[in-house]
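Student: Have a look at this one.
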Amino acid sequence: MADQKEAISQARVELDSTSTVDSSQEAFSAPLHRRLKSRHIQMIAIGGIIGPGLLVGSGNALHLAGPAGTLISFSLVGIIVFFVMQSLGELATLIPVTGSFTEYASRFVDDSLSFGLGWAYWYLWVTVLANEYNAVSLVIMYWTDVVPQWAWILIFWFIFLGLSMVGILAYGEIEFWLSLVKVISITIFFVVAIVISSGGIGGQKIGFKYWHDPGAFADGINGVAKTFVIAGTLYAGTEMVGITAGEAGNPRRAVPRAIRQVFWRILIFYVGMFFFIGILIPYDDPQLLAKGSKTAASPLTIALQEAGVGPGASVINAIIITAVISAGNSSLYVSSRTLLFMARNGKAPRILGRVNKAGVPWVALLLSNLVACIAFLSVSSGAGTVYNALITLSGVATFIVWGTIELVHIRFRKALVAQGQSADDLPFKAMWYPYGTYAALAANIFLIFFQGYTAFLNPFSVTDFVIDYILLPVFVLLVLGWKLFKRTKLVKLEDMDIWTGRREDTVVESEGIVKKEGLMRRAKHVVIG
């Protein structure tokens, strides 16, 4: 027994030493710090879906589909997100690694799928980041156009980069307070919207007037189809919980709590937002962000302006700026961690796997931010046109990522059966498996192809067709190219690694096995697994 205690004590010392970067470790192999607390992850999960896309891009969705159309598309995609998060929660709680579903794809399906998924997910977040630069420049130019749009993008480029260079604990604190501001602000807007609609502010009762004139649907089923891809992009960020799990101090507590709140977050913040802006603003309001427009305003700002609350509109814009800072921070966090994983697994240049003493992958951060400079395209083109194109591209990538998460989950469950393990022993079980998982996989595959069907309507639009579907052949080429180059094979169920990366409480088993913090090491009486 004394030997066991000594071995366990030594294991704890070794585990603690891995949480910081000491002088003996190389920058290319040093681990990320595990310092995110439960409250950080929960608020990151909440704030991650409240970005400038929701506060500004919601106007574009309302313009395309109308109030009823947006409620339908965002509710349906919200149900898909719920099941995707259930699947991811099961995996991330058991195996909390920084590579998250990109690593799961390699372990449970094929390394070539991991390669394609990793680059697609990185592209998704770089595109989202570019959207945020575009959104913040549009919103600030509501106040003044003295400073050109490109200058605002450049200013926030340096702000985002500076905030991203802080350590993970500082990142968690920044996101916690910024997310809290967003949640409180949107809640206040909901209350104000009720007062405006009832005539308490603005002097007229609105009710559901705009549902009748100009109507509940902007373009029937076509409008709903166009907003599916917007919903996918605006919901992107919920899966961030899987990435943050790798840097969480206690993922078994933090991840399930964040996952269980997803449904209510979606219901309250997204469906609630579209309900209120749908009764306060007609979908044909010329101030909404529409294709070909040169300037755009948030629907929240428009609603307060038309109700005669001018100062309130400026407050909303200030909140949007806060949301942009938070969302930019998150976009760089996820894109850099994805590149870090890819670099350290030979799927990206090795230099991208470098971290500093604070555990920050600074090279990956810098590259991601540089590529996001595609936002400068909005300077020479109509802001609405560029915004639409970027939203569509990242939306398709979102459906690809979500569909892969469901596929990975199905393979993981089959591996449990093949290796004689019981799903009842999992610390978190996905709700309504297998029905929810299979249904969400089918829905994502359907949306990947359905979201762009309007390009085939008369007349056929070559531009829309390319924007809607260009990512599909690119993704397939990435997967097949890596498969041929590395000669990868589909992982057999009985050979799947379903153990490495687990962080469990220290338990001494009958055969002398101790499982602690996911490290695999064998001592005289213990195995740290």
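The values are calculated or read from the model by the stated rules, or taken from the named source; none is laboratory data. Here the structure is a predicted model, which means the values were calculated and not measured. Please note: Cβ atoms are built from the backbone with ideal geometry, for glycine as well, and neighbour counts cover all protein chains shown. Note: accessible area is taken over every heavy atom of the protein model, side chains too, but ligands, DNA and RNA are not part of it. Shrake-Rupley method; radii C 1.70, N 1.55, O 1.52, S 1.80 Å.
Student: Under 12 Å from the Cβ of GLY66, count the other residues' Cβ atoms, weight Lys and Arg +1, Asp and Glu -1, and hand me the total.
Tutor: Working: positive: LYS226; negative: ASP213, ASP219, ASP284, ASP285.
Net local charge, GLY66 excluded: -3.
Student: I would also like to ask the following. Over all directions, the average projected area of the alpha-carbon convex hull for segment 251-371 comes to how many nm²?
Tutor: Numbers: hull surface 46.3 nm².
About 11.6 nm², averaged over all directions.
Student: To two decimal places, what compactness ratio does segment 325-482 give when its Cα radius of gyration is scaled by 2.2 N^0.38 Å? Walk me through the numbers before you get to the answer.
Tutor: Values: Rg = 19.5 Å, N = 158, 2.2 N^0.38 = 15.1 Å.
Relative to the 2.2 N^0.38 Å estimate, segment 325-482 comes out at 1.29.
Student: So, one more: Quick check for you: with a 1.4 Å probe and neighbouring chains kept, what is the accessible area per residue of segment 306-451, in Å²?
Tutor: On a per-residue basis, segment 306-451 sits at 35 Å².
Student: When all alpha-carbon pairs of segment 73-215 are counted, what percent fall beyond 23 Å? Mind dumping the intermediate values first?
Tutor: Numbers: 6531 of 10153 pairs.
When every Cα pair of segment 73-215 is considered, 64 percent fall beyond 23 Å.
Student: With each pseudo-label sitting 7 Å past Cα toward Cβ, what's the PHE446-PHE485 distance in nm, one decimal?
Tutor: Result for the modelled spin labels: 3.6 nm.
Student: Which length gain, in nm to one decimal place, applies between ALA170 and VAL191 when the Cα-Cα distance is subtracted from 0.36 nm times their residue separation?
Tutor: Length gained, ALA170 through VAL191: 4.3 nm.
Student: Could you do me a favour and compute the accessible area per residue for segment 49-133, 1.4 Å probe, result in Å²?
Tutor: 13
Student: Got a sec to turn the phi values of segment 66-77 into Karplus ³J(HN,Hα) couplings, 6.51 cos²θ - 1.76 cosθ + 1.60 with θ = phi - 60°, whole Hz, x for Gly and Pro?
Tutor: Values, residue by residue: x, x, 6, x, 5, 4, 5, 5, 6, 5, 5, 5 Hz.
Student: Report the net charge of residues surrounding LYS486, where surrounding means a beta-carbon distance below 12 angstrom and charges are Lys +1, Arg +1, Asp -1, Glu -1.
Tutor: Result for the local shell: +2.
Student: Express in % the proportion of alpha carbon pairs of segment 145-230 at distances exceeding 20 Å. Provide the component values of the computation, followed by the final result.
Tutor: Numbers: 2531 of 3655 pairs.
Roughly 69 percent, rounded to a whole number.
Student: Here is a follow-up. Over 31 Å between C-alpha atoms is what I'm after, so list which of LYS414/LYS486; LYS429/LYS486; LYS182/LYS414; LYS182/LYS209; LYS182/LYS347 land there.
Tutor: Beyond 31 Å between Cα atoms: LYS429/LYS486; LYS182/LYS414; LYS182/LYS347.
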